[in-house]
Every structure is written in C-alpha cells, then in structure tokens.
1. Go through region 176-218 and give me each residue that's touching a residue at least 60 places away in the same chain (Cβ under 8 Å), in contact with a Leu (Cβ under 8 Å, 6 or more places away or on another chain), within 20 Å of Gln49 (Cβ to Cβ) and not in a loop (DSSP other than H, G, I, E, B).
2. Could you tell me which residue of region 17-61 is farthest from Phe120 (Cα to Cα), considering only residues that are in a loop (DSSP other than H, G, I, E, B) and at pLDDT 85 or above?
3. From the list Tyr173, Tyr107, Tyr142, pick out the single residue that is in a helix (DSSP H, G or I), within 27 Å of Gln71 (Cα to Cα), hydroxyl-bearing (Ser, Thr, Tyr) and touching a Leu at 6+ places or on another chain (Cβ under 6 Å).
4. Pick from region 51-75 the residues that are of a type outside the set (Ser, Thr, Tyr), touching a Pro at 6+ places or on another chain (Cβ under 9 Å) and within 17 Å of Leu86 (Cα to Cα): which of them is surrounded by the most Cβ atoms within 10 Å (Cβ to Cβ)?
5. So Ile158 ticks every box in (1) touching a Leu at 6+ places or on another chain (Cβ under 6 Å); (2) surrounded by fewer than 24 Cβ atoms within 10 Å (Cβ to Cβ); (3) among the β-branched types (Val, Ile, Thr) but one. Which box is left unticked?
6. For Val147, state whether it is over 18 Å from the mean Cα position of the chain (by Cα), assigned to a helix (DSSP H, G or I), of a type outside the set (S, T, N, Q) and buried (at least 18 other Cβ atoms within 10 Å of the Cβ).
Amino acid sequence: MPTKMISIHRLTEGILGLCMALLFGIVIPAPSQDLPEDPYARGLAFMQQFKYTEAKSSFDQAVSQNPENIQAYYYRGRAQAALDQLDAALLDFDRTLQMNPNYAPGYVGKAQIAVVRKNFIQAMEYIATAHTLDPLNAEAFYQKGLVYGYQGKINEAIDAFNQCLELKPDHAYAHYQLGLAYNQLRRMDLVVTHLEKFLTLAPEAPEAEQVRRLLSSLRD
C-alpha cells in the first residue's frame, strides 16, 4: 500500500508520515484456519490476512448475493482503498451513505480517502459528522490521529489514538501509531509498550518484521 503514512523505517529519524496499509488499519477478529464459505465473512478473513485483492473479490460476491449488505460495500471500499483504488473506494463509501445517510462508517471511509489525498479540512469535516452520528466510533478517532500526525501535531495525534484505544483496546494500528508518535517525544518506554502490543495483535502485519528488528535494536 503505497501512499506514505507514519513509516517504520523512519521511526529512528523521528519523522511522521503516512502508508496505506496503516491508514486503512483493519481491526477484525482473527479468522480460523479454514476460510468461511460465506463471501462476506471470507472477505473479512482476507482483510485480517492483509490479502486485499482476495478480500475485494469476496466482497464483490457478497454484494452480488445481497445488494443490501451495507457492510460489504463498506469493507469492499476499504479493500479497494488499500489497493490504491481510491475512486472505486469512494464510490462504495458513497453507496453506503445512499443506503443509510446516518451510517457513520461511510463518513469515516470518506475521511480516509480525504487523508490519503491530503485534504485534511475535508477529512476533519467527515470525522466530525461521523462522531455526531456515533460519538463512540473508534475508527473516527484513529483517522483524526492520522490527520494530526500528518500535520505534525504530535500531542493531538497521541490524544486521538488514545481515545481510539479507550473505545477499542485491540486496535492494532492505533498502538503502532502511538509507538511512533511517542518516539517523537523520546518516550522510549512507551514506544516499546505500544509496538510490542502491535505485534501481539497483528503478528502477520506487513510492518511486523521491521517492528521486531526495531524492538531488538532498542533493547540492545
């Protein structure tokens, strides 16, 4: 996932940036070894495995079988965004809001696209709408943290990621982002705490091996 987000290889430089895999950090219960037969559940399993092409194909099947499955459109949008298919993703997020104008995740998805496109004012407007509809939407706080991080507002980013974790303690990429953000403040104890938690929650994540190497270097 190509667009830059907070980048692990730049952690020791103390630089905040952006990467699509993290920007669309999916937090879904881990699948069993056997993939589900149901295409929607199978798509979620592929998302957990970071197999976004396979996830999209599964969600294609899910919406074909049930055109009213609003969550299938939403997660297909996230899979497409992770594949850098931003226009297609935006169409799916818009579709969810056509189906239900009060569907907070649809606004969160639109905020994600706005962040990738560096339209931070619009992103914050979508985040505010999502929180008006659902004040306890953890993903909206995560996206807000990304906006602040992209803008170099480290303390505000930390507050937003912590709010995300208060609502969803198992949000792996909120821990990842906090680890990187705390590095800006040279709080190495918290860097280690959050990056270790990230590895516990997402051991197969694309960034996992780099995180392991980093933690090993910090312990030396």
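The values are calculated or read from the model by the stated rules, or taken from the named source; none is laboratory data. All figures in this text were calculated on a predicted structure; none of them were measured in a lab. Here Cβ is always computed from backbone atoms with ideal geometry, including for glycine, and neighbour counts include all displayed protein chains.
1. Once the filter is applied, which keeps residues that are touching a residue at least 60 places away in the same chain (Cβ under 8 Å), in contact with a Leu (Cβ under 8 Å, 6 or more places away or on another chain), within 20 Å of Gln49 (Cβ to Cβ) and not in a loop (DSSP other than H, G, I, E, B), region 176-218 yields Tyr176, Val211.
2. Restricting to residues being in a loop (DSSP other than H, G, I, E, B) and at pLDDT 85 or above, the top hit is Glu37.
3. After ruling out the rest, the residue left standing is Tyr173.
4. Phe59
5. Only one criterion in (1) touching a Leu at 6+ places or on another chain (Cβ under 6 Å); (2) surrounded by fewer than 24 Cβ atoms within 10 Å (Cβ to Cβ); (3) among the β-branched types (Val, Ile, Thr) is unmet by Ile158, namely (1).
6. So Val147 does not fit the description; no.
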